[in-house]
Amino acid sequence: MATSLRSIKSLAPLLDRILVQRVKAEAKTASGIYLPESTVEKLSEAKVLAVGPGGTDKEGRRIEVSVKPGDRVLIPQYGGSPVKVGDEEYHLFRDHELLAKINE
Amino acid sequence: MATSLRSIKSLAPLLDRILVQRVKAEAKTASGIYLPESTVEKLSEAKVLAVGPGGTDKEGRRIEVSVKPGDRVLIPQYGGSPVKVGDEEYHLFRDHELLAKINE
Amino acid sequence: MATSLRSIKSLAPLLDRILVQRVKAEAKTASGIYLPESTVEKLSEAKVLAVGPGGTDKEGRRIEVSVKPGDRVLIPQYGGSPVKVGDEEYHLFRDHELLAKINE
Amino acid sequence: MATSLRSIKSLAPLLDRILVQRVKAEAKTASGIYLPESTVEKLSEAKVLAVGPGGTDKEGRRIEVSVKPGDRVLIPQYGGSPVKVGDEEYHLFRDHELLAKINE
Amino acid sequence: MATSLRSIKSLAPLLDRILVQRVKAEAKTASGIYLPESTVEKLSEAKVLAVGPGGTDKEGRRIEVSVKPGDRVLIPQYGGSPVKVGDEEYHLFRDHELLAKINE
Amino acid sequence: MATSLRSIKSLAPLLDRILVQRVKAEAKTASGIYLPESTVEKLSEAKVLAVGPGGTDKEGRRIEVSVKPGDRVLIPQYGGSPVKVGDEEYHLFRDHELLAKINE
Amino acid sequence: MATSLRSIKSLAPLLDRILVQRVKAEAKTASGIYLPESTVEKLSEAKVLAVGPGGTDKEGRRIEVSVKPGDRVLIPQYGGSPVKVGDEEYHLFRDHELLAKINE
């Protein structure tokens, strides 16, 4: 959804939410030909930009989220809340929706 | 939904509910042309006007809400209860439905 | 639903239920013209007539409801159980379904 | 559903179930004309005939039901399990489904 | 569902399951005429044949079931797992699905 | 679903899962005539081949399953996960889905 | 879903997620004839490649997952999140979705 934000950096996720940006696929074939954007498959990799403080358990203690800004993660095919800042699209996921960390 | 309220200030949200008003998009292009309202995309940013006392956990203790009046927040695309006071529209969300705080 | 009750005052809500009556919209325009009832939008404001003793938590303790008779409240657009006494209509809501208190 | 019971008095509700019989609407107009049964609106009032011992909480303690035999109650428009004894129809509700007690 | 069991007595219900057999309606009118089986309404009364040991609560303690073999009970109109032994049909219900005990 | 397993004995159910094989109906009438397989009704009896270690409760303690290998059980009409080893079909059920033990 | 990962080894499952690769069916008949891929039934066996640290219980303690890398497991027919690295497909399951361990 559209926003009037000037920078994505002003977003501080609430509770156990994780702000990510999907990694863009190379719109270029191995032989160097550029492909029109519509033929490039969306990747399920994303970079963590910001994390919430975590939800609280029944005793009121914070449950830390499992990732930190800078982490690369595998996101699920569906779900998440889209956020648009200018022309860029971002997503907010709940911590438990993230599938895996990518160590590469 | 319509109300006969004279001022939105008389609303005190119950439990973990948060009263917000959506930030209005600039109905004006960069070059200064005014746009008819129907072509202006709704923004997912809102200003917090009032917050409830929070829900209670199993021990009867209050769980504080995560935002306070004056905060700017990112709201989800769907959901929330609309409230109309005069010509203005407001929304009530549960605290955990708010996506992020905006620090700008 | 119809009842044979002579007075709404004989209803004592059970558990966390709240008995309310919707505030009627002025069926009169600003210039004093009376409007046929079908054109008057229903308001989401209601007056609390009676409250239940509250539900019980896991330890068997009562959880007090958040409003009291005489309070004015904002009710949700849908839901609640309708009760008819004579020609008047009332509604029963669970405490957590009420949106906000109105202090005016 | 049909039974071969000779008397409704032989039914002892289990757990938090409440056995009620709907109050019959006067099939007679104010001016004393008798109405055919199909034109008489069903009432949402019922008399409590018997109550179960209550469900158990997580510690195995009984949670007392909120009404007692003889009480008059407001029942919801839908739900409940119908029981037929002879030509009479009764209903079993869970305690928390009852809306209000009627003190008249 | 069909079984190769020689006797229903060999069935020992697991957890909180209750094995019952529906009481058969008299296929005979008051004046002594026998009715074809298809015109006889099914009754919601059943006899308890065997009961499971009960489920366990969160502390691992057994939660006793509310009926015992020999009890007559009111069963719900729908639900339960059918079991066929020879030509007879039986049903397994969870304890909390039984509506009432019949004391007659 | 197909597997490349050489023996069903290599399957060790996880958590509270129970591996069973449905008892085959006699494809032979009382008078000794063999019936084509499609006319033989499936039975709801099964033999327990292996059991999982049980799930864990909130304190991390194992909750023992209610049956053991060799037990004969009544299985529900629907549900369970099918496993095929060679031409034989087996099923995995959660412990609480089993209806009764068969003592014969 | 597609990824730009160079190696599946860089994936570290989060919480109670288990990364597996389905065992490929022999695309060859017993007599040595190779079959086109579309006629080869998918197997429900998979090899565990990596496991998450486990979810947390209400006290914040880790609940260990039931399998370890190298284990062979039976996976359910449906569900799981697909991950594609190059031409190979992998799946992420929650620990409790795995049906059985294969000891062969």
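Every number in this text was worked out from the coordinates using simple rules, so none of it is lab data. Here the structure is a predicted model, which means the values were calculated and not measured. Because the Cβ atoms are built from the backbone with ideal geometry, glycine has one as well, and the counts that use them run over all protein chains shown.
For the peptide B:54-61, the mean number of other protein chain Cβ atoms found within 10 angstrom of a residue's Cβ is 4.
Counting Cβ atoms of other protein chains within 10 Å of each Cβ in F:75-83 and taking the mean gives 3. Here is the tail figure for the stretch A:11-102: Cα pairs spaced more than 14 Å apart come to 67 percent of all pairs.
Coupling constants for the stretch C:53-60 follow from the phi torsions by the Karplus curve (6.51 cos²θ - 1.76 cosθ + 1.60, θ = phi - 60°), and in residue order they are x, x, x, 10, 7, 5, 9, x Hz; glycine and proline get x. Note on chain D: with a GNM built from Cα contacts shorter than 10 Å, the maximum mean-square fluctuation among D:R62, D:R94, D:R72 falls on D:R62. In this structure the amide hydrogen of G:D16, modeled in the peptide plane, comes within under 5 Å of the amide hydrogens of G:G54, G:G55, none closer than 5 places in sequence on its chain.
Under the criterion of Cα pairs below 8 Å and six or more residues apart, the relative contact order for chain G equals 33 percent.
Counting charges near C:R94 (Lys, Arg +1; Asp, Glu -1) among other residues having Cβ under 13 Å from its Cβ returns a value of -3. Calculated over the protein assembly as shown, the projected area of the Cα convex hull averaged across directions stands at 45.9 nm². Could you tell me what percent of the DSSP beta bridges with both partners in chain F are antiparallel, to the nearest 5? Around 95 percent antiparallel, to the nearest 5.
Based on the mean of other Cβ atoms within 10 Å per residue, sort peptides F:45-55, A:10-20, E:78-88 so the most packed one is first.
Ranking, from highest mean packing down: A:10-20, F:45-55, E:78-88.
With a Cα cut-off of under 17 Å and a minimum spacing of 8 residues unless on different chains, the lysine pairs in chain E number 12. Remark: mean inter-chain Cβ contacts per residue of D:9-17 equal 6, using a 10 Å Cβ-Cβ cutoff to other protein chain atoms.
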